[in-house]
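Peer 1: Structure incoming, see below.
All of the numbers you see were taken from the coordinates with simple rules; none came from a lab. Given the structure is predicted, the values throughout are model-derived calculations rather than measurements. Every residue, glycine as well, gets a Cβ built from its backbone with ideal geometry; the counts of neighbours run over all protein chains shown.
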Amino acid sequence: MLTNREKTDGSYKMFNTKFAQYLKQDVEVKHFFVQDVENATVFRLFAGFAIPYGNNSVVPNIKQYFAGGSNSMRAWQSLGPGSYRDPNSVNLTYSMSDVKLEANVEQRFAIFSFLNGAVFTDIGNIWSIHKLNGEEGTTFGSGFYKQLAVAAGFGIRPNFSFFVLRLDFALKLRDPSYEASNRWLWIERQAVWKGRYPDYNLTIGIGYPF
């Protein structure tokens, strides 16, 4: 180490503060097919990973990835990691993790005057490098594609010129937290609507999601 100091409580410190060591890389690709001034099809692909090393066994929370909410997987308030769901709660948990893959497709169009609309599909998830509290299904591996979540929805976007107000309603189509045979929700839809878990989400945002 640059300091040539001994470890304190299992970690190196600088100015009496433990510092983080990690490798992080993001790749984001967007493509716009513009039909005319008011209509466009937008594609987005995102891939990112963060790996701790040296002084850290985990990536700092603020540098990890999140899936859900108004700019990501819009049918979830919080998604993942992997196929994980807290067995002790039907409530959504706040999850951060080390790997993220996401793809979005959105058709944007004019409705009338200042009111615009959109229909969209979101596909993706997050995963951890190490098991989350020893839980199976949380780590990224060769079967990651089996844990991809899928959602679709529509949005209403009043355009006030200086900003766009966005209201997006998204419905879960595939939820990886269910058993493998029941992840497509037309199989589980009746149980979901009875209140086992919410299968839709309404998000509010300013500006476009991507």
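Peer 1: Determine ³J(HN,Hα), in whole Hz, for all residues of segment 30-47 in sequence, where each value follows from phi through the Karplus function 6.51 cos²θ - 1.76 cosθ + 1.60 and θ = phi - 60°; x replaces Gly and Pro.
Peer 2: Values per residue, Gly and Pro as x: 10, 9, 10, 9, 8, 7, 7, 4, 10, 10, 7, 9, 10, 10, 9, 10, 9, 9 Hz.
Peer 1: Please compute the net charge surrounding Tyr65, taking Lys and Arg as +1 and Asp and Glu as -1 over other residues with Cβ under 13 Å from its Cβ.
Peer 2: Details: positive: Lys24, Lys63, Lys100; negative: Asp26, Glu28, Asp98, Glu102.
Here the charged neighbours net out to -1.
Peer 1: Considering only the other residues whose Cβ falls under 13 Å of the Cβ of Val29, what net charge follows from Lys and Arg at +1 and Asp and Glu at -1? Please list the in-between numbers first.
Peer 2: Values: positive: Lys30, Arg44; negative: Asp26, Glu28, Glu102.
In short, -1.
Peer 1: Filter the cross-link list Lys24/Lys172; Lys30/Lys100; Lys24/Lys63; Lys24/Lys146; Lys100/Lys131; Lys30/Lys131 down to pairs whose alpha-carbon distance in this structure exceeds 20 Å. If you can, show how the numbers build up before the last one.
Peer 2: On the way: Lys24/Lys172 30 Å; Lys30/Lys100 16 Å; Lys24/Lys63 8 Å; Lys24/Lys146 24 Å; Lys100/Lys131 15 Å; Lys30/Lys131 32 Å.
Beyond 20 Å between Cα atoms: Lys24/Lys172; Lys24/Lys146; Lys30/Lys131.
Peer 1: Could you tally the net charge around Ile204, taking each other residue with its Cβ under 12 Å from the Cβ of Ile204, Lys/Arg +1 and Asp/Glu -1? Could the numbers behind the result be given before it?
Peer 2: Working: positive: Arg74, Arg157, Arg166; negative: Asp168.
Result for the neighbourhood of Ile204: +2.
Peer 1: For Gln35 and Phe112, FRET efficiency with R0 = 22 Å and r from the beta-carbon atoms, rounded to 0.05? Provide the component values of the computation, followed by the final result.
Peer 2: Numbers: r = 17 Å, r/R0 = 0.79.
Efficiency for this residue pair is about 0.80.
Peer 1: Now for a separate question. So if R0 is 35 Å, what FRET efficiency would Leu202 and Lys131 give, r being the distance between their Cβ atoms, rounded to the nearest 0.05?
Peer 2: 0.60
Peer 1: Each residue of segment 52-61 in order: what ³J(HN,Hα) in whole Hz does its phi give by Karplus 6.51 cos²θ - 1.76 cosθ + 1.60, θ = phi - 60°, with x for Gly and Pro?
Peer 2: x, 7, x, 7, 10, 9, 9, 6, x, 3
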